[in-house]
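Worksheet: the structure to be examined is printed underneath.
The values are calculated or read from the model by the stated rules, or taken from the named source; none is laboratory data. In this text the structure is predicted, and so the values were computed from the model without any measurement. Note that each Cβ is placed from the backbone with ideal geometry, even for glycine, and that neighbours are counted across all protein chains shown. Accessible surface areas use protein heavy atoms only, side chains included; no ligands, DNA or RNA. Shrake-Rupley method; radii C 1.70, N 1.55, O 1.52, S 1.80 Å.
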Amino acid sequence: MGGAGRNQVRIGSEGAHLCHYSPLTAFLLDNPVRRALLKPDAILGGLVLPGMTVVDLGCGSGLFTHAMARMVGDTGRVIAVDVQGEMLEYARRRCERQGYGSRVTWHQNSPGSLGLSGPVDFVLSFHMVHEVADQERLLRDAHAVLRPGGRYLVAEPASHVPVTAFEQTLETAVRAGFVVENRPRIPMSRGALLVK
Ligand SMILES: C[S@@+](CC[C@H](N)C(=O)[O-])C[C@H]1O[C@@H](n2cnc3c(N)ncnc32)[C@H](O)[C@@H]1O
C-alpha cells in the first residue's frame with residue numbers, strides 16, 4: 001500500500017507483509033486524496049451492479065466497501081473480509097455513518113483461508129494479494145466462492161509489486177481455474193480482470 005510502508009509488518013512467510021492496522025494506516029488507506037486519485041466508482045463501474053452479492057477481499061478501512069455498498073443498492077449485499085478485526089471495525093463504523101451499514105456483512109477470516117461460502121457475483125482484491133503468503137490458496141478460495149461466469153478484479157500497487165511478481169500471480173490465478181479477461185488500467189496499480 002503506497003504511503004503506509006512503515007506500518008507493514010511481517011507475518012511469518014517469506015515475502016509476505018501485512019499492512020498492520022493503526023488509526024494512521026486506516027486513514028492513509030481511506031482519505032479524500034486516495035479516493036480522488038483512485039476513483040473507486042470508475043474502477044468498479046460496470047462490474048458492480050444493483051442487486052449483486054459482492055466481496056471486498058482485504059477491505060482494509062473500507063475505501064472500496066463504501067463504493068460497493070452504494071452500487072449494489074438496497075437489494076444487493078457486500079461481504080467485507082479482512083484478517084484484522086480493527087480494520088473491519090473502522091470500516092464498519094464509517095459505513096454506518098454513511099447509511100450503508102445494513103448492506104454489508106463483516107467477516108474476519110484467518111490468513112490461510114477465506115472461510116466464505118458462495119455463490120457471489122464479484123470479488124475485489126485491491127492492493128491485497130501481495131500481502132498473502134499462500135496466494136494459490138487465496139485464489140482457489142476466491143474461485144470457489146464465485147458463481148460460474150463471476151468476475152474477480154485483482155489490483156496490485158505498482159509501487160512495490162514488480163511486473164514479474166504480478167505475472168506470477170496471474171499464472172497462479174490461471175492454475176486456480178480463472179481466465180484472464182482483460183487488463184484494465186487502474187491508477188497507481190497493475191490490474192487484471194479474471195473470470196471463472
Ligand atoms: C494494503 S491494505 C488494502 C486495503 C483496501 N483493499 C484498500 O485498497 O484500501 C491490505 C488489506 O488486506 C488485508 N489482508 C492481508 N492478508 C489478508 C488475507 N489473507 N485475508 C484477508 N485480508 C487480508 C490486510 O489486513 C489489509 O487490511
| field | Candidates Ala192, Ala155, Ala165, filtered to the one that is touching a His at 6+ places or on another chain (Cβ under 8 Å), small (Gly, Ala, Ser) and either part of a strand (DSSP E or B) or modelled with pLDDT under 95 (or both) | value | Ala155
| field | Gly149 vs. criteria surrounded by fewer than 22 Cβ atoms within 10 Å (Cβ to Cβ), closer than 26 Å to Pro50 by Cβ and modelled with pLDDT under 95 | value | no
| query | Can you pull out the residues in the range 48-58 that are within 19 Å of Leu193 (Cβ to Cβ) and open to solvent by 10 Å² or more (accessible area, probe 1.4 Å)? | reply | Leu49, Met52, Thr53, Gly58
| said: So, Ala16, is that one modelled with pLDDT under 95, in contact with a helix residue (DSSP H, G or I) (Cβ under 7 Å, 6 or more places away or on another chain) and either near the ligand (Cβ under 10 Å from one of its atoms) or open to solvent by 30 Å² or more (accessible area, probe 1.4 Å) (or both) or not? | reply: yes
| remark: Over the range 125-176, the set of residues charged (D, E, K, R) and more than 21 Å from Leu44 (Cα to Cα) is Glu131, Asp134, Glu136, Arg137, Arg140, Asp141, Glu167, Glu171, Arg175
| task | Residues that are near the ligand (Cβ under 8 Å from one of its atoms) and in contact (Cβ under 8 Å) with a residue 24 or more places away in the chain: find the strands (runs of 3 or more DSSP E) completely inside the range 34-152 holding 3 or more of those. | result | 120-126
| message | Looking for something at pLDDT 95 or above, within 22 Å of Arg185 (Cβ to Cβ) and touching a Gly at 6+ places or on another chain (Cβ under 8 Å) - is there at least one such residue anywhere in the range 55-62? | response | yes
| task | Provide a single number: the residues in the range 154-173 that are open to solvent by 40 Å² or more (accessible area, probe 1.4 Å), touching a helix residue (DSSP H, G or I) at 6+ places or on another chain (Cβ under 9 Å) and more than 20 Å from Arg34 (Cβ to Cβ). | result | 1
